[in-house]
Amino acid sequence: MNEQSTRDGFSRRRTDRVAVIGWLVIAVFALSAVFADSLAPYDHRAQSRLEPATPATTIHFSGLTPIIYARRVEDPLRRTYSEDTSVAYPVGFFVRGYSYKLLGIVETDLHLFGVRSTSGVAPRINLLGTDQLGRDRFSRLLYAVRFSLVVAFIGVLVACLVGFLVGGVSGYAGRFVDTFLMGVTDAMLALPTLILILGVRAAFPLELPMTRAALLLLLIFALTGWAEMARLTRGLVLSLRKREFVVAAIALGVSQTRVLFRHILPNILPSLRTRAFLLLPTFLLAEVALSYLGVGLQEPEPSLGNMLTAASDLDQLRSQPFSVLSPAFAVLLFTLGVRLIGRSDRV
Amino acid sequence: MILIVSAVTFALLGFAGGDALTQLRDNPQISEATIARLRSVYGLDQPLPIRYFRWLSAAVTGDLGESMYFRVPVSSLVWTRSVSTFLLGAAAFAIALAFAVPLSLIGTRYKSTTIDAFIDLLILLTASMPRIVLALVALAVSVRLSASAMDRSSAILFWLAALTLSAPLISVFLAQLHGELQRTMREDFIKLARAKGLSESAVILRHAVRPALNPVLTIAGLSLGGVLGGSVIVESVLGRQGLGTLMVSAVRARDLPLVMGIVLFTSTAVWLGNALGEMLQAINDKRIRDLSF
């Protein structure tokens with residue numbers, strides 16, 4: 001919010017180093033979104049009725065090879081498990097599992113890591129345990145990150161486009177149009193965003209398939225997120241409108257649209273990009289909130305928000321808080337990463 | 001402004017074309033004729049502008065219609081539920097001020113780099129800590145603390161909820177106040193106050209605080225919207241009955257009168273908050289008072 005004044009305590013060099021950490025975090029998120037199928041050891045929809053709500057699998061070492069043991073249910077009601085140490089299953093890299101299309105093109109069944117079966121069916125390795133239906137939480141988390149990031153990213157693009165058009169027209173046309181458009185923008189900015197988002201959400205059917213839900217989220221983000229961009233664009237356009245090169249372009253008879261897109265846009269793009277980047281976590285959080293409240297993406301598809309509804313199972317929350325809240329920590333990490341980059345101006 | 005907002009929300013709700021009655025179609029025992037009759041009872045068979053005009057003219061007289069889901073007048077429902085939300089919000093504001101004011105004063109008085117770095121870190125952390133994450137962590141903590149889920153003390157939960165709600169406020173208030181104090185300290189009248197021989201604490205408390213408070217008051221008025229939005233999450237996660245949870249159940253039931261009522265209520269509250277912020281500023285600063293009154 002007030003970056004200039006808060007940055008005084010940090011020297012320039014320190015800020016740069018901090019920004020690098022931020023970029024690393026974002027890179028990890030982007031990579032796990034792109035390669036979610038390869039990184040996930042199991043299908044995110046595959047249920048395992050024998051292992052609902054398990055804690056994270058303990059990884060043992062025999063020599064240097066990591067191994068895991070099969071688990072047996074001890075008390076199905078209290079959902080306690082014990083390890084059967086008679087057979088050891090080695091954990092390895094590039095293990096064959098369910099087949100998928102890498103990057104949507106290459107058909108393959110290799111996964112980054114998994115359990116090699118020595119005899120019979122290998123037990124499953126659940127880095128973050130399983131949910132109430134026995135689905136691997138780590139795999140679900142990866143797919144959830146993919147969905148949330150894609151929706152937030154496209155949402156930012158759409159919101160920026162709308163915001164740029166409104167702000168550009170407003171700053172360029174001036175007078176009555178300006179007063180009207182900025183009146184609407186101010187009204188949008190003053191409203192509690194989440195209430196507004198929920199209000200818009202109420203207009204649509206409650207249960208939606210994945211693509212429709214994604215489109216709806218995009219629409220909501222565009223409808224509610226453009227105002228901030230419009231305000232910024234208008235200010236920037238106003239500051240450039242009377243500059244010599246713009247006046248020269250107009251004097252040469254260049255059309256208004258061309259002036260806006262070819263002469264003004266390139267000059268204000270860096271500022272717009274910084275702000276757009278900071279919108280990413282906002283939209284990510286909006287998606288999380290909607291899905292958490294049960295009006296965003298719905299089961300069985302995983303999203304960071306609907307995975308967090310598992311926290312209402314207080315027993316599991318008490319026994320394995322870190323696994324259950326892992327989507328929340330993912331959100332936190334992403335937000336922190338973006339903030340760290342936002343502190344330095346070079347986005 | 002409130003007019004625009006209500007019109008936009010109403011139009012959106014109308015164009016999407018669904019309402020609480022749509023779901024009745026799934027029930028084979030309810031005939032089309034019954035639904036049509038119900039529609040005319042609720043006035044849903046009228047075209048959109050007429051419905052908006054009816055709603056608006058009733059709303060002006062304070063009648064927001066009846067909730068389709070709860071079967072009680074919207075206004076009484078909103079009023080009763082908003083009390084707990086406003087208590088929570090007030091507590092959040094109090095917590096944020098309790099952090100921001102002493103910290104920024106101490107930071108300005110002692111000009112130490114450690115305190116500045118601490119303030120910086122606190123701002124970064126509270127700014128990037130989403131409310132939903134904090135609320136869930138608070139829930140996990142409260143579950144861990146108590147032996148059974150039943151005997152969670154409501155007072156602890158209330159303050160946990162308020163603390164969760166206040167986190168972004170702490171960052172905004174602290175950043176504003178601290179930054180503004182630093183800037184004010186470089187002004188000429190501060191030099192004059194020092195030259196008079198006042199102690200450094202007196203200079204800050206008597207001369208720097210009042211001018212530095214102005215932008216903070218504006219921000220405080222503006223952040224009311226964020227608090228109301230955040231209450232949706234905090235209340236849902238920590239299971240408190242308030243305006244936020246009411247909005248969620250209204251959206252789930254597609255209870256249009258209730259949704260409209262809450263949107264109208266919150267936007268009015270936000271508008272009042274902004275006005276209050278400006279009023280406090282006018283009280284604080286004679287220059288603004290002379291301009292506007």
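The values are calculated or read from the model by the stated rules, or taken from the named source; none is laboratory data. Everything quoted here is computed from the prediction, not taken from an experiment. Every residue, glycine among them, receives a Cβ derived from its backbone with ideal geometry; neighbour counts consider all protein chains shown.
Taking the residues in the range B:194-249 that are hydroxyl-bearing (Ser, Thr, Tyr) and assigned to a helix (DSSP H, G or I) as candidates, determine which candidate is farthest from the chain's Cα centre (by Cα). Quick ask: steps written out before the conclusion?
First, the residues of the range B:194-249 that are hydroxyl-bearing (Ser, Thr, Tyr): B:199, B:201, B:218, B:223, B:231, B:236, B:245, B:249.
Subsequent filtering for residues that are assigned to a helix (DSSP H, G or I) retains B:201, B:218, B:231, B:236, B:245, B:249.
Values: B:201: 34, B:218: 14, B:231: 7, B:236: 15, B:245: 14, B:249: 18 Å.
The residue in question is B:201.
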(message) So in the range A:320-347, with the set limited to residues that are in a loop (DSSP other than H, G, I, E, B) and modelled with pLDDT of 75 or more, which one is surrounded by the fewest Cβ atoms within 10 Å (Cβ to Cβ)?
(response) A:320
(request) Select from the range A:291-319 the residues that are surrounded by 19 or more Cβ atoms within 10 Å (Cβ to Cβ) and of a type in the set (S, T, N, Q) and list them in ascending order. (result) A:291, A:303, A:306, A:316
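Per-residue answers, yes or no, for (1) within 14 Å of chain A (Cβ to nearest Cβ); (2) more than 14 Å from residue B:104 (Cβ to Cβ); (3) in contact (Cβ under 8 Å) with a residue 40 or more places away in the chain; (4) out of contact with any helix residue (DSSP H, G or I) (no Cβ under 6 Å at 6 or more places or on another chain):
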| site | (1), (2), (3), (4) |
| --- | --- |
| B:167 | yes, yes, yes, no |
| B:175 | yes, no, yes, no |
| B:178 | yes, no, yes, no |
| B:182 | yes, no, yes, yes |
| B:188 | no, yes, no, yes |
| B:192 | no, yes, no, yes |
| B:199 | no, yes, no, yes |
(request) Determine which member of the set B:204, B:119, B:132, B:156 is surrounded by fewer than 20 Cβ atoms within 10 Å (Cβ to Cβ) and touching a helix residue (DSSP H, G or I) at 6+ places or on another chain (Cβ under 9 Å). (result) B:156
(message) Being at pLDDT 80 or above, in a helix (DSSP H, G or I) and facing chain B (nearest Cβ under 10 Å) is true for just one of A:278, A:265, A:284. Which residue is that?
(response) A:284
(message) Looking only at the range A:80-102, count every residue that is farther than 17 Å from residue A:123 by Cα and either modelled with pLDDT of 70 or more or of a type outside the set (A, V, I, L, M, F, W, C) (or both) and tell me the total.
(response) 3
(message) Among the listed residues B:156, B:204, identify the single one that is away from chain A (no Cβ under 14 Å), closer than 19 Å to residue B:98 by Cβ and in contact (Cβ under 8 Å) with a residue 24 or more places away in the chain.
(response) B:204
